[in-house]
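Worksheet: one structure, shown below.
FYI, it's all coordinate maths here, none of it is from the lab. This structure is a prediction, so every number in the text was calculated from the model and none was measured. Positions of Cβ are backbone-derived with ideal geometry, glycine not excepted, and every protein chain shown enters the neighbour counts.
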Amino acid sequence: MNCRYVQSRLSAYLDMELTGHEHQLIRSHIENCIECSTEFERLRRMKHLLRQLPVVQPSQGPEAVLARLRTQRTAVSQTAVIRVGWRSTRWWQMAAGAAAVGVFLWWNSTVAETRSEATFAASSPAPIPFRSSIEPSLFRKPSPLPSEMFTPVPFNQPVFSSPILPTNYYPAANSTPSFEGLYHTFYFQNR
Amino acid sequence: MTHTAIAHSMEQELLDREFDALVTRYYQQVYNLAYRLTGNAADAEDLTQEAFLRAYRFFDRYDPTMPFMNWISRIMTNLYIDEYRRRKRLPTLSIEERFENEEGEESEQLDIPDPGPSPLEIAEANQYADAVQEGLMRLAPEFRTAVVLADVMGHSYEEIAEMMNTSIGTVRSRIHRGRKQLRDIIQKKYPELFERGDLK
């Protein structure tokens, strides 16, 4: 057992943290080695300097900690109340209901319309005139057929005898000009 | 509010009271540890508060059969080392720094490793308290924590290893090297303190 090994174990020896056998070995070495015993004594002094450090008194008591704890608890209990409230109203059932209503509305406005139109157009044995008597959906605003978009004007017809167009063909004075209105104006001005 | 919620609330109330009692009882000891780690009153108060608040957050994990001081010391040392690494503003000695061995002289033989301090040593300890604290602040945080837990708080190596999440071998090494570094720092300022003649 050399001095280097012993000196690496001196603190553990000082703290009684070695096994019985190793403790005895270190002890017998220190008794016969001046260098190691001096090193040991210095470490022992250092330990006593640390152990005798006075207990530091805080400037204030635990009131600040207790106050912060109270604040934290208040916040936590408020969160708990909100959670319990949500639990009692069964928010997930409400969400499921809202989702079901949403799906129904969407289906009614798009899928049902497409299906009804397809049904009327293709698979009906005796086709009912489209748009003439049946609205495919309550939610669908009827769009004008291409033949209703505007009344075709014969090219060789004179200007003065231009057909009387529907009133909704002429844009209102305060409205933004529509494509049809502009097109119509351009068409008649350049005849 | 359901019955379960009421029972939970009452249980929480009891736990809160128990924790408040522990805060009141251990505040000074916890503060003392915080002061020895941080070296000043302001940081010590902050560290103490943070340690108690974290302990409260995880109070359901506390095993009442174990000493509360050990548990909160573990929380505090982890908190402190994390915070120290984050800041990295205090000057420390490198862990890898080497120290030379001093020349030895004649020594008395010791029957037991630690016979206890003499009145002279106690008087000196109070006299040199500031120098010791100053020296502690120059150690690496891991060394300082290990030395403070062992020598100031009086914990065993096994307890310190558990608190610092490391092995007993590492704790032994940190305490030994920490003490040696601290002794060399103090010896530079007060060479007479570790002279052989003064030891007798």
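Could you list B:K180, A:K47, B:K189 in order of exposure, starting from the residue whose Cβ has the fewest other Cβ atoms within 10 Å?
Least to most surrounded, the residues fall as B:K189, B:K180, A:K47.
In whole Hz, what ³J(HN,Hα) sequence does region B:159-171 give by Karplus (6.51, -1.76, 1.60; θ = phi - 60°), x for Gly and Pro?
Ordered by residue, 3J(HN,Hα) equals 5, 5, 4, 5, 5, 9, 6, 9, 8, 5, x, 5, 4 Hz.
I'd like the mean, over residues of B:15-25, of how many other protein chain beta carbons sit within 10 Å of each residue's own Cβ.
The mean count of partner-chain Cβ atoms within 10 Å per residue comes to 2.
Would you mind checking which residues have amide H under 5 Å from B:L139's amide H? H placed 1.01 Å from N; only 5 or more apart, or other chain.
The answer is B:L93.
Run the quick spin-label model on B:R57 and A:A64: label points 7 Å from Cα toward the beta carbon, then report their separation in nm to one decimal.
1.9 nm
Using only atoms on other chains, find how many Cβ atoms lie within 10 Å of each Cβ of peptide A:14-27 and report the average.
Taking all residues of A:14-27 together, the mean is 3.
R0 = 25 Å: FRET efficiency of A:N2 with B:K189, Cβ-based, nearest 0.05?
Numbers: r = 32 Å, r/R0 = 1.27.
Once rounded, the FRET efficiency stands at 0.20.
Please state, as a whole number in µm²/s, the translational diffusion coefficient that the Stokes-Einstein equation yields for region B:1-66 at 20 °C and 1.002 mPa s, with Rh defined as the Kirkwood radius across alpha carbon pairs.
Roughly 160 µm²/s, to the nearest whole number.
Which whole number gives the average, over all residues in B:174-185, of C-beta atoms from other chains lying within 10 Å of the residue C-beta?
Mean inter-chain Cβ contacts per residue within 10 Å come to 5.
Given a Förster radius of 56 Å and the C-beta distance between B:A5 and B:Q133 as r, what FRET efficiency does 1/(1 + (r/R0)^6) yield to the nearest 0.05? Please report the intermediate quantities before stating the final value.
Working: r = 50 Å, r/R0 = 0.89.
The formula returns an efficiency of 0.65 here.
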